[in-house]
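Have a look at the structure below, then the notes.
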Ligand code: PMV
């Protein structure tokens, strides 16, 4: 068996994070500029043992030494179960990630997906995107407790989607190409923690939180209509309205607020945090003429990295 490898990209949530956990719609897109790759290489010296090496997570250990609930072990075990294989192959598994962990870019879903794709291909039965997605969701449940499933779905299918938990995802087709700049605060934050904290507050005061989630749901629908109509200004307004509500839920932070304000002052049409919040990344919708200005403004405001990405327009035939 030769070396087998597979990759998965990051994702960006355009609108609706957190509210999506409560059944509201959200819109997300693949962020292909950042990739994670897993490689599996046969190792004949060590029969029936799989060594896992993920420097970004400081893992260099046999898979059996990881806890049964560890997301890496879970992704591997679920793949073997799905293929009805009862032992680990003799192999070395390496993962390298350009996607920073704990920063709102869907890293936990990307990790589960590269592991499932690589291991199933290595064993001669590459799994279809639908099965990869189902298994990755199971791993996400172990990670987050109550994931919406948006991250694993967007990354498994690598398509921009309008997503509602439990419903078939809908393809997002903008009439014109949209350009975004993504800024990294450099702060790492666990999404499991922010989701759990909002969950506790929701239990304590459902009425107040529900009002805010309703407003986020409306901002998402507003943004979805704007994307379909090719109205960048309205999409920007929806992103700003969404950010206001995320701030009301205490999911932003000073560093995110600072980058968002800098992007808007420099000409972005809308800007908001993306993902779990309280750190991680923000994204700004930027008209072509303002790209250099906004990029500079984000760098001057302290962004650790700034990326440009696009959501391709689909002209009607
Ligand atoms: O921080 P990330 O990349 O895992 O994104 C989380 C998105 C949430 O809506 C906050 C959680 C979820 O499960 O949808």
- Take the Cα of residue 265, step 7 Å along the line toward its Cβ, and report every residue of segment 178-210 whose backbone nitrogen sits under 20 Å from that point. 181-186
- Query: What is the helix-to-structure angle for 129-144, meaning the angle in degrees between its Cα long axis and the longest Cα principal axis of the chain, kept from 0 to 90 and rounded to the nearest 10?
  - Reply: 80 degrees
- If only Cα atoms are counted, what is the Rg of segment 126-241, and what is its Dmax, in Å? 16.3, 46
- Dividing the convex hull volume of the Cα atoms of segment 203-317 by its residue count, what figure in Å³ per residue is obtained? 110 Å³
- Item | Principal-axis tilt of helix 71-82 within the chain, Cα atoms, nearest 10 degrees | 60 degrees
- Message: Give me the extension gain from residue 170 to residue 248: residue separation times 0.36 nm, minus the current Cα-Cα distance, reported in nm with one decimal.
- Response: 25.2 nm
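Given R₀ = 41 Å, FRET efficiency for residue 83-residue 56 by Cβ-Cβ distance, to 0.05?
0.95
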- Message: Students often check this: by mean Cβ neighbours within 10 Å, which of 96-103, 161-168, 72-79, 271-278 ranks highest, and how do the rest follow?
- Response: 271-278, 72-79, 96-103, 161-168
- Can you list the residues of segment 94-125 with backbone N under 14 Å from a point 7 Å past the Cα of residue 41, pointing along Cα to Cβ? 94-96
- Query: Between residue 231 and residue 296, what FRET efficiency follows from the Cβ-Cβ distance if R0 is 30 Å, with the result rounded to 0.05?
  - Reply: 0.65
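Using the Cα atoms of the chain to build a convex hull, what is its mean projected area in square nanometres? Could you put the intermediate results ahead of the total?
Working: hull surface 66.6 nm².
So the mean shadow area of the Cα hull is 16.6 nm².
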- Task: On a C-alpha basis, how far is the centre of segment 165-237 from the centre of segment 257-282 in Å? Whole number, if you could?
- Result: 13 Å
- Item | Mean Cβ neighbour count within 10 Å, used as a protection proxy, ranking 169-182, 81-94 highest first | 169-182, 81-94
- Find how much the distance from residue 288 to residue 197 grows on full extension, using 0.36 nm per residue of separation minus their present alpha carbon separation; answer in nm with one decimal. 29.0 nm
- Can you give the calculated 222 nm mean residue ellipticity of the chain, where each DSSP H run of n ≥ 4 adds -39,500 (n - 2.57) and the sum is split over every residue, rounded to the nearest 500 deg cm²/dmol? -13000 deg cm²/dmol
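Bear in mind these aren't lab numbers, they're just calculated from the coordinates by the rules spelled out. As the structure is a computational prediction, the values presented were derived from the model and not from experiment. With ideal geometry, Cβ positions are generated from the backbone for all residues, glycine too; neighbour counts draw on all protein chains shown.
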